[in-house]
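Working notes, structure below.
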Amino acid sequence: PGGLREVRDLHALGDCEPVGRLDGHVRDERRRARGAVRERLALGELEILRQGLEQVRERLLAEMAEAYIHVGEPKKAIGLLKRACRVPDWYKWNLGWAYFHAEDYGNAARCFEGLDQKPGDPRYVMETQLFVAAAHINKAESDASLGKQADADGSRAAAQRAVATLKKHQPDYS
């Protein structure tokens, strides 16, 4: 069958359904098409909602982890932050802080150094370099106490680089 015009021509010859019925069929098809579009829009909205809920979940896990750090349970915080960590620097920073309080200075330094924002980026918090340096200094002391002098020297050098980076970007920092 051709278009609506051809159907009207056939109707005039009596070989077809009345035009009103066809118009009803077209309306039904349009309703079905609109319904399909609405379903797709609803699925898109559901996906946006799901993503939003996932972000809320991650933030809540990170908030709970921060509370665990404050009450002296950094290992619980580490578990929560590993579940929450989906790249944002805030999670990585808190995970580094939890490792620091758990006296796992190597992982603390890796977290602080692994932030997406780097020294020189407009949103980077330069004081993070102090945490990097502190983690490396504590790791150096731990390594030295275990007789790992080469590792201790490497950690001390990393701490010095962190402080130098801070001074480079904020020469007046004291």
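Just the residues that are of a type in the set (A, V, I, L, M, F, W, C), under 20 Å from Asn107 (Cβ atoms) and over 29 Å from the mean Cα position of the chain (by Cα), please, taken from region 130-174. Break it down into steps so the answer makes sense when it comes.
So the first thing to find is which residues in region 130-174 are of a type in the set (A, V, I, L, M, F, W, C), and the list is 130-135, 137, 140, 144, 146, 150, 152, 157-159, 162-164, 166.
Those still in the list that are under 20 Å from Asn107 (Cβ atoms) too: 130-135, 137, 140, 144, 146, 150, 152, 157-159, 162.
Hits for region 130-174 are Ile137, Ala140, Ala144, Leu146, Ala150, Ala152, Ala157.
Taking Asp143, is it over 24 Å from Glu63 (Cβ atoms), free of Cβ contacts under 8 Å to residues at least 40 places away in the same chain and out of contact with any strand residue (DSSP E or B) (no Cβ under 6 Å at 6 or more places or on another chain)?
yes
Can you pull out every residue in region 80-105 that is more than 17 Å from the chain's Cα centre (by Cα) and farther than 24 Å from Tyr124 by Cβ? If you could, list the steps in order and put the result at the bottom.
The initial filter retains those residues of region 80-105 that are more than 17 Å from the chain's Cα centre (by Cα), namely 97-105.
Ala102, Glu103 - these are the residues of region 80-105 that are more than 17 Å from the chain's Cα centre (by Cα) and farther than 24 Å from Tyr124 by Cβ.
If you take just the helices (runs of 4 or more DSSP H) that sit entirely in region 55-174, which of them hold at least 1 residues that are modelled with pLDDT under 90?
On the way: elements: 74-84, 89-101, 105-113, 128-145, 149-169.
Helices (runs of 4 or more DSSP H) meeting the threshold: 74-84, 89-101, 128-145, 149-169.
What number goes with the only condition from (1) surrounded by fewer than 17 Cβ atoms within 10 Å (Cβ to Cβ); (2) touching a Phe, Trp or Tyr at 6+ places or on another chain (Cβ under 7 Å) that Ser142 does not pass?
Just one mismatch for Ser142, condition (1).
The values are calculated or read from the model by the stated rules, or taken from the named source; none is laboratory data. Computed from a predicted model, the values in this text were never measured in an experiment. Don't worry about glycine lacking a Cβ; one is built from the backbone with ideal geometry, like all the others, and counts go over all protein chains shown.
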